[in-house]
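Everything on this sheet refers to the single structure shown next.
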Amino acid sequence: MKKLVLFFISQVILLPVFSQQSVKGKITDDKNVPVAGASVQVKNTLRGTFSEIDGGFIIVASSNDTLVFSMLGMATQKIPVSDRTTINVKMLEESKELNEVVVIGYGTVKKSDLTGSVASIKSVDLTKITSLNPEQGLQGKVAGVQVTSSSGAPGAIPSILIRGVGTFNNSAPIFVVDGIILDNISFLNSQDIESMNILKDASATAIYGSRGANGVILVTTKTGQKGQGKATFNYSGEYSRQILQKKIDLLSGRDYATVVNEITPTYNNVDLVPNTNWQSLVFHPASIQSHQLSASGATDLTQYYVSLGYFKQDGIVDKSNYERVTFKLNNTYFLTKNIKVSNFLSITPYKQQNAPNVTYSAYRARPDLVPYNQDGGFAEVLNVGNPLADLAYSNDYNKGVRGVGNIFAEATILKSFKVKTSYGIDAGYNQATSFTPAYFVSPQQQNLLNTLNKGNSHSIAWLWENTLSFSKQSGLHFLDVVAGYTMQKTSSENFSVTGKNIIRTSPDFWYLNQSYIYDPTNGVNTLNSISNGVDANLNFSMVSYLFRANYTYNSKYILTATFRRDGSSKFSSTNRYGNFPSFAAGWVVSREHFMEKFPLISNLKVRGSWGMTGNDKIGYLSQYSITQNLVTVLGNPASANSAITYSVSGNPNLKWESTTQTDAGLEIGLIKNKLTGEFDYYNRLTKDILIALSTPDYLGNGQGAQESFNAASVKNTGFEGKLTWKDKIGQVGYSVSILGSSIRNRVLKVGGSSGIDSILYGGFLSSGIPVTQSRVGLPIGAFYGYKTNGVFQSTDELNANPHLSTAVPGDLRLVDVNNDGKIDGNDRTYLGSPIPKYTLGFNIGADYKGFDLSIDIQGVYGNKIFNAKEIVRPDPYNWEKHVLGAWTGPGTSNSEPRATYGGNNYLPSDKFVQDGSFTRLRNVTLGFTLPSSITNKIAISQLRFYVKGSNIYTISRFTGYTPEIGGSNVISNNIDFGTYPVSSVYSFGINLTF
Amino acid sequence: MKTRIILFFSVIILLTGCTDFLKTDPQGQLIEASFPVSSSDALLATTAVYAAVRNWYYNSGGYPILDIMSDDAYKGSNKNDQLATVGAYDNFTFNTTGDGLDRWWATLYQGIKWANVVIEKVPDISMDTTLRNRYLGEARFMRGLFYFDLVRAWGGVPKVTASIPPLHLGRANSKEIYSLIVSDLQYAETHLTKKSELISSDKGRATAGAAEALLAKVYLFQKDFVNAEKYALKVIQSNEYSLEPWFIDANGVNGNNGVESIFEVGALGVEDYNGGGAQYANTQGVRGSPNRGWGFNRPSIDLRKSFEPGDTRLKGTIIDLGDTIDGVFIKGDPDPANDPVITLNQNGDTINIQCYNRKVWTPGNDTPTQWAHHRRLIRYADVLLMAAEALNENGKQTDALTYLNQVRKRARGGNILILPDVTITDKNLLRDKILLERRHELALEGERFWDLVRTGKAATVLGPLGFVPGKHELLPIHQSEIDISQGSLTQNPDY
């Protein structure tokens, strides 16, 4: 301190005698490598220079000047000249968050130079959840991203929505794995993934043009690290148990009989009624195991990463399982100083067994019926079929292999230019085998002749991308430009055929050998149900031109412009091309001088973007008027004649649907970035949505036939934000982050002109009744039905109010919404949205010595679920427990109608719309890493054990298994038809590096 | 090295320059541009038009609502089955969302589209001219047939003459539709072969005789009795047709493509449209035991009572419980709560008897065999009665009686003591007599309601059932069609 005082005093004394002098020096990094191009400036003057190739600089300054040394990615240093003439500077990398390189489309960018909204997830987070699907790791981790398991069945692929539902079509984002554009990544092992980057706003996604409208998830797989030297081996193994999270409250045999007696006296003594808990018979805990072994490393000439993984999941329902082997091979070869060649390759063979939908039948099966007869055979379960027999006689398999990979070459020319070419392939082959033996349980549940169905499908897609990029720092200016040309083609073919009465029933004979298909009655052996064709969604080609320029001035001001032009074979030649531009700007406020007054703020950046993207996820046939095959019976004697004529007319005027997105973002770091935050507002407007709508029947396309049009608009707006606090208390390191997003989804237009319907119906029950209507002013897939207002208590009350002609006391009072004095279809109204208003994530991490702990909580709020499994009731089925409170006479209940097997009280109404909000303890992981003092002795660099639980507990008012429902498409979303439940998973694992 | 890099990337750039990369032709799928283009395509497209008449919906939307609206039949099935939907046609309470109206309308227009494919595309195919004209004739016959249903049911409807019409169309007036029908049928008459000239595997295709018979009916509905007489007599004088000796064969399996059949719908005993089955008869088949169908279109007490004593057509029209047909005992639906054998009112009058439509019977005791029924769309007896009606209107009572009595003769079944020849020559009385004869001959064949409407008797006969004159002569266009058209289609009066 004394020294400091003396120093200041000396400065004051010397003040008047400053002289200009040449100051020189050398700038190096922490490894003593010279840093070229660093800015050296005299503070508060315009004088400045840059360091040379050898890091050297020379500048004129006076002794009271302060020199400012700055460089992209390096921490800025301010050094007073004092009386020195030589100042050597060691520049250190800037804090990690800011210096982080973010993978964006067709390149990388420093996090600080990013103008778009991009979220990154590291491998650590991706492997937290035990799942076949790496994208499960994103749930509750990224603001604005909603991951929903549509089914708990092994092999089921979750649905992902980024910033709401932007279209009536496939609203899933695309994946770009090491440069290859894909629709799903179920072939990837989470352990092989280095990071996932989620591109959310148009500035980030527009470079993917016609395919970027629903967001882009960039997946980077692991490679050997340069400078790593010796090979590193890693083994990860995990064993898990899956447990049904909860059972649905259904009636016991006794309760069932009691309710039935209310309707029609049937059971003399309800205490003697059997009680079968079908849920207990169908679900049981099951295991998952996974193992992965990898080797990685690098030499001067190569970088390599090879791994072999194995994953096997048994379902909590018998006869459902998934088994997968993952091969991963990523290599880079440095051919010369300027040329490198890489390959990224995944080969994934898999085998899957699918169970029949016994979730639904176990839900409906009457509890007063027993599963087995006295003789041990399956007993008849009226109306539903015996779920256990369904399982026993089901043999439904898929097996196949998927290979995804690319070869990549990059040459650096004239220092600043890079030419890249990449050729990638995604090839898949799948074979489905389904065998049902001949059996008889009941007249309703039988199969006369054993049946073998085989289906093959294969698809191949290739993508060839060529880019030229230019990157140069010149003084304070940094310019990064990439331009490219890409081509891709996808094709597929499928074939399926059925044979009956195969000569032997064992799996060894599950082949369609014509001579073994034995038909004694007709004396002919036939294969039937033959079908062969292409998948309409997997048959197209595209050509694209792309361009992006990123300009940064003084690491403070950033401008980005991108442009992509796509041509697709899915559209007729006149509408084939679409143009997708975007513009964005960013300002790193914290690098301004005036921010020095706010030392608390270590990082502050504002950014904004505008841009357009597209969606082409329609079948390639929509532009054509296709034909159909018919049968006409003619002749004496009558016989079938083949016939062909036109089917539904196509629409040759179809064009791209386009999404315009505006984004405003703020990034902030406080207290040396202990607290970091990122906030965004977005506004996504999708226009010209490709939508199939009903057309007039006079067109002759058949009743209710739909044609595709560019005839809808949808707007999604919302905020999203994430706050993270990271610090250390003594030896305890910890981090807490909270993230959330809001979504407001509104349909702005459907149809709109004469001859096109203005409502899109969805969520069709098996009775053919739709429970959703997407129409102007409502969210996509809005639940639509009757509002109820209590229960009719008496005939007087019934007569005094509008009611259905068949209504009786004890029935639900349906609200006469349009006040016309009668209850009819026009009284159906909006009953809620399947889309959550808010999603939240709350994550805590802590470590102490060798221990690490993480807790993830996740929630969605403000959405509804339609309990469709309860509503379709043409026959007596089991009831959910609330029926015990049913109306039995005046005053007994004004909420639960009289018990019935079907009828008025089962019309789609708000009785079946439930709150879909939930808060879930998503994951708790506790790990322990052995001290290196111990492991080093046995040549192990790291050894970690952990236990974890996923989906441990869910707080929800929904009566079903899990409030995570998903749906087949966005207009039939969050409707519980009795889906395979998502289970809780408890695991023990080991991670070994040597 | 630089040269090698330049070479490498030059090769790549050259490779990307291929043309037509974005043209993906439909795989394994014919489209408008590629079909029909040959003589065999023309045959496939022509044959396809007939598939429309086997569609369940072609039959007034599935349920036989035309008979149910008439005094010949009740809804049928058991008491509650489709009470709100099909029952509405029994008492004229149906409205613009009436069940089946959309299905019927859509299927007629679907048939029209399929006919238009032939009419529009086949002329451009280079092929044998005679054959081409025959195909065009078949398609135009079928288009006329479909429009005739449309104009009778709804009046002036959108006039669609292109295979891919514009989205936005208004209603034409009924005169325009009738003139399209007449020109189609006249073309068909000129270019189609006689029935006798069809090879056996082509039986069931439209013929010149079918076109003439349909023209007679089309003119009758327009009260153009001169032309109605002309075309009915053309059919009669062609000597291509005669009455089946036994009435039950006129609609039964023995008469399939027989002497009396002028145009019929072929079908196979398969419980599946795509397999060749027709659900028309299944909809009306005996309920319970044997289980042949759903039992809609129950013959009314009034119809039963209207037959003259001994008329063989009574048992040829109604199946009663206890009957044995083709060795099958008719037990019916044994559910006294929902469908008693006989229902009495408070006065003790019989108001309902469980019975079924005999005309759709096919031999057998299960459901699939019922799907093999060939529905007759026009048969010779109808033509004879149309001739009689037109001749009477044209003042030729003697000739009219000849044809009327031919029909009565067959109905006698050889018993000369019953159904004496009609000798009335008073035009008005004879008109009524012919209308009554049509009722007995053609009951439950979808003719009665329209006969009452076109002769102006609907108000009197059907008024007690709920028929409102000035409204119920036409059906409402289904609300969904009106909604989608967003105002370009107007509704029929009073709906």
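Observations on the structure shown:
- One residue stands out among those in the range A:746-774 that are more than 12 Å from chain B (Cβ to nearest Cβ) and part of a loop (DSSP other than H, G, I, E, B): the one that is least open to solvent (accessible area, probe 1.4 Å), which is A:765.
- The single condition from (1) open to solvent by less than 20 Å² (accessible area, probe 1.4 Å); (2) more than 7 Å from chain B (Cβ to nearest Cβ); (3) closer than 30 Å to residue B:375 by Cα that residue A:704 fails is (1).
- Residues of the range A:596-633 satisfying the condition of being of a type outside the set (A, V, I, L, M), crowded, with 21+ Cβ neighbours inside 10 Å and away from every other protein chain (no Cβ under 14 Å): A:603, A:605, A:607, A:609, A:611, A:613, A:614, A:615
- Residue B:147 vs. criteria within 14 Å of chain A (Cβ to nearest Cβ), of a type outside the set (A, V, I, L, M, F, W, C) and over 21 Å from residue A:704 (Cβ atoms): yes
- Those strands (runs of 3 or more DSSP E) of the range B:255-358 in which 3 or more residues are under 28 Å from residue A:637 (Cα atoms) occupy B:261-265.
- Checked against the criterion of being within 14 Å of another protein chain (Cβ to nearest Cβ), under 18 Å from residue A:304 (Cβ atoms), aromatic (Phe, Trp, Tyr) and open to solvent by 30 Å² or more (accessible area, probe 1.4 Å), the range A:398-410 has at least one qualifying residue.
- Strands (runs of 3 or more DSSP E) lying entirely in the range A:144-262 (those with 1 or more residues that are over 22 Å from residue A:920 (Cβ atoms)): A:174-177, A:180-182, A:193-199, A:216-221, A:232-244
- Look at the range A:90-115: where a residue is small (Gly, Ala, Ser) and open to solvent by less than 20 Å² (accessible area, probe 1.4 Å) and a partner is modelled with pLDDT under 85 and assigned to a helix (DSSP H, G or I), sitting 6+ places away or on another chain with Cβ atoms under 6 Å, you get A:112/A:98.
- The lone exception for residue B:417 - which of (1) modelled with pLDDT of 95 or more; (2) more than 25 Å from the chain's Cα centre (by Cα) it fails: (1)
- Residue within the range B:216-227 that is assigned to a helix (DSSP H, G or I), crowded, with 24+ Cβ neighbours inside 10 Å and within 14 Å of chain A (Cβ to nearest Cβ) present: no
- The one condition in (1) at pLDDT below 90; (2) open to solvent by less than 20 Å² (accessible area, probe 1.4 Å); (3) farther than 30 Å from residue A:40 by Cα; (4) more than 8 Å from chain B (Cβ to nearest Cβ) that residue A:582 fails to fulfil: (1)
- The range A:50-89, residues that are open to solvent by 30 Å² or more (accessible area, probe 1.4 Å), among the hydrophobic types (A, V, I, L, M, F, W, C), in contact (Cβ under 8 Å) with a residue 40 or more places away in the chain and closer than 15 Å to residue A:24 by Cα: A:50, A:60
- If you go through the range A:930-951 and pick out every residue that is exposed (fewer than 13 other Cβ atoms within 10 Å of the Cβ) and assigned to a loop (DSSP other than H, G, I, E, B), you end up with 2.
- Reported count of residues in the range B:321-345, each being free of Cβ contacts under 8 Å to residues at least 60 places away in the same chain and either of a type in the set (S, T, N, Q) or open to solvent by less than 30 Å² (accessible area, probe 1.4 Å) (or both), is 7.
- Count - residues of the range A:979-994 that are over 21 Å from residue A:917 (Cβ atoms) and in a loop (DSSP other than H, G, I, E, B): 2
- Being open to solvent by less than 70 Å² (accessible area, probe 1.4 Å) and either under 36 Å from the mean Cα position of the chain (by Cα) or under 30 Å from residue A:741 (Cβ atoms) (or both) holds for only one residue in A:821, A:825, A:850, A:790, and it is A:850.
Here's the yes/no breakdown for (1) crowded, with 19+ Cβ neighbours inside 10 Å; (2) within 17 Å of residue B:258 (Cβ to Cβ); (3) out of contact with any helix residue (DSSP H, G or I) (no Cβ under 9 Å at 6 or more places or on another chain):
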site: B:191; (1), (2), (3): yes, no, no
site: B:195; (1), (2), (3): yes, yes, no
site: B:198; (1), (2), (3): yes, yes, yes
site: B:205; (1), (2), (3): yes, yes, no
site: B:209; (1), (2), (3): yes, yes, no
site: B:213; (1), (2), (3): yes, yes, no
site: B:229; (1), (2), (3): yes, no, no
site: B:234; (1), (2), (3): yes, no, no
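- Residue check, residue B:33 within 9 Å of chain A (Cβ to nearest Cβ), modelled with pLDDT under 95 and in a helix (DSSP H, G or I): yes
- Selection count where residues are open to solvent by 30 Å² or more (accessible area, probe 1.4 Å) and touching a residue at least 12 places away in the same chain (Cβ under 8 Å), scope the range B:453-465: 5
- Sub-8 Å Cβ pairs linking a first residue in the range B:70-91 that is part of a strand (DSSP E or B) to a second residue that is charged (D, E, K, R) and crowded, with 16+ Cβ neighbours inside 10 Å, at least 6 apart or interchain, are B:73/B:67; B:73/B:298; B:74/B:90; B:74/B:298; B:75/B:90; B:75/B:298; B:76/B:298, ordered by first then second residue.
- Of the numbered criteria (1) in contact with a Pro (Cβ under 9 Å, 6 or more places away or on another chain); (2) of a type in the set (D, E, K, R); (3) away from chain A (no Cβ under 14 Å), the one residue B:457 fails is (1).
- Residue within the range A:34-49 that is open to solvent by 10 Å² or more (accessible area, probe 1.4 Å), at pLDDT 85 or above and of a type outside the set (Val, Ile, Thr) present: no
- Looking only at residues of the range B:271-289 that are over 15 Å from the mean Cα position of the chain (by Cα) and facing another protein chain (nearest Cβ under 9 Å), we find that the one that is most open to solvent (accessible area, probe 1.4 Å) is B:274.
- Test set (1) within 20 Å of the chain's Cα centre (by Cα); (2) assigned to a loop (DSSP other than H, G, I, E, B) - residue A:125 fails condition number: (2)
- Members of the range A:294-332 found to be open to solvent by 40 Å² or more (accessible area, probe 1.4 Å), under 17 Å from residue A:156 (Cα atoms) and hydrophobic (A, V, I, L, M, F, W, C), listed by number: A:325
- Taken as a whole, the structure places residue A:559 among residues that are assigned to a strand (DSSP E or B) and open to solvent by 40 Å² or more (accessible area, probe 1.4 Å).
- Some residue of the range B:430-444 being in a strand (DSSP E or B), within 26 Å of the chain's Cα centre (by Cα) and either buried (at least 17 other Cβ atoms within 10 Å of the Cβ) or among the β-branched types (Val, Ile, Thr) (or both): no
The values are calculated or read from the model by the stated rules, or taken from the named source; none is laboratory data. Just so it is clear, the structure is predicted and the values come from calculations on it, not from any experiment. Neighbour counts run over all protein chains shown; Cβ positions are idealised from the backbone, glycine included. Remember, those area values only see protein heavy atoms, side chains included, never the ligands or the DNA or RNA. Shrake-Rupley method; radii C 1.70, N 1.55, O 1.52, S 1.80 Å.
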